[in-house]
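Engineer: I have a structure here, written as structure tokens, and I will follow up with some questions on it.
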Amino acid sequence: MWVVAKVRNNELNIFKQNLINRFGKEIKFYYPKIEYQKIIKNKLRKFEKILLENYVFCYHTKFNKINSLNEIRYVKGLTYFLNGYGQNQKEIVQFINHCKVFENEKGYLTSSFFKDMIISKARFVSGPLTNMIFEIIERQKNKIKILLGNIVTTIPDKKNYLYLSI
């Protein structure tokens, strides 16, 4: 059964290791992430960001039992488990499978994942237009037409520009 855990900032590895020690290597973790690049002091640096920030999906067959979650309620790195995970298994599995469809070979989400989620405005996370906000004018099959300031341009899906909805 999948559960959703909120983990403290910068303690994800500690949390994962504690659960592996408790349940063995059969436990699975999933957290969708993106890879982006920034120029810092004239050098291009790669960064990784977890899409759901502090939330992690954890799977183990023992999570069907409420007692097993009560045993790990005070594991180091854990803030809390979200309630309602039992009733929402179908939605959790659908979301994880949807994310995995849009992952590249390294396990990072591609820009096409965000294409359908953005309603009208977004901000670039990577590329030469980092942190610039744009409006979507038109969606096409393999590209989107945007308005960036006074400039109208298109962004093809094949370019690895990442953007997030505002």
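The values are calculated or read from the model by the stated rules, or taken from the named source; none is laboratory data. Here the structure is a predicted model, which means the values were calculated and not measured. A quick note on method: Cβ atoms are made from the backbone with ideal geometry, for glycine too, and the neighbour counts reach across all protein chains shown. To get the accessible areas, we keep the full protein, side chains included, count just its heavy atoms, and leave off ligands, DNA and RNA. Shrake-Rupley method; radii C 1.70, N 1.55, O 1.52, S 1.80 Å.
Engineer: Using DSSP to define loop residues, name the GluC sites (Glu not before Pro) in region 59-166 whose beta-carbon has at most 11 other beta-carbon atoms within 10 Å. Walk me through the numbers on the way to the answer.
Structural biologist: Details: sites: Glu71, Glu91, Glu103, Glu105, Glu135, Glu138; in loops: Glu105.
Sparse-neighbourhood loop GluC sites (Glu not before Pro): Glu105.
Engineer: Shifting gears a bit: Just to confirm, what accessible area per residue do you get for region 14-57 at 1.4 Å probe, in whole Å²?
Structural biologist: On the way: 3040 Å² over 44 residues.
On a per-residue basis, 69 Å².
Engineer: Would you mind telling me the share, in percent, of accessible area of region 113-166 contributed by carbon and sulfur at probe 1.4 angstrom?
Structural biologist: Numbers: 1820 of 3450 Å².
Reported share for carbon and sulfur atoms: 53 percent.
Engineer: What value, in deg cm²/dmol to 500, does the helix sum -39500 (n - 2.57) over DSSP H runs of n ≥ 4 give at 222 nm once divided by the residues of the chain?
Structural biologist: Numbers: 4 runs with 35 residues, N = 166.
Value at 222 nm, helices only, nearest 500: -6000 deg cm²/dmol.
Engineer: Just to confirm my numbers, what's the Cα centroid distance between region 1-49 and region 122-166 in Å?
Structural biologist: Region 1-49 and region 122-166 have Cα centres spaced 27 Å from each other.
Engineer: Toward the positive end of the charge dipole of the chain, about the Cα centre and with charges on Cβ (Lys, Arg +1; Asp, Glu -1), which of Gly127, Val4, Ile40 goes farthest?
Structural biologist: Highest projection toward the positive end goes to Ile40.
Engineer: So which chymotrypsin sites (Phe, Trp or Tyr not before Pro) in region 1-109 are both in a DSSP loop and have at most 13 other Cβ atoms within 10 Å of their Cβ? Don't jump to the answer; show the numbers that get you there.
Structural biologist: Working: sites: Trp2, Phe15, Phe23, Phe29, Tyr30, Tyr36, Phe47, Tyr55, Phe57, Tyr59, Phe63, Tyr74, Tyr80, Phe81, Tyr85, Phe95, Phe102, Tyr108; in loops: Tyr74, Tyr85, Phe102, Tyr108.
Sites meeting the loop and neighbour criteria: Tyr74.
Engineer: For region 8-78, which whole percent of the accessible surface, found with a 1.4 angstrom probe, sits on carbon and sulfur atoms? Display every interim value, and only then the final one.
Structural biologist: Values: 2270 of 4990 Å².
About 46 percent, which is the carbon plus sulfur part of the accessible surface.
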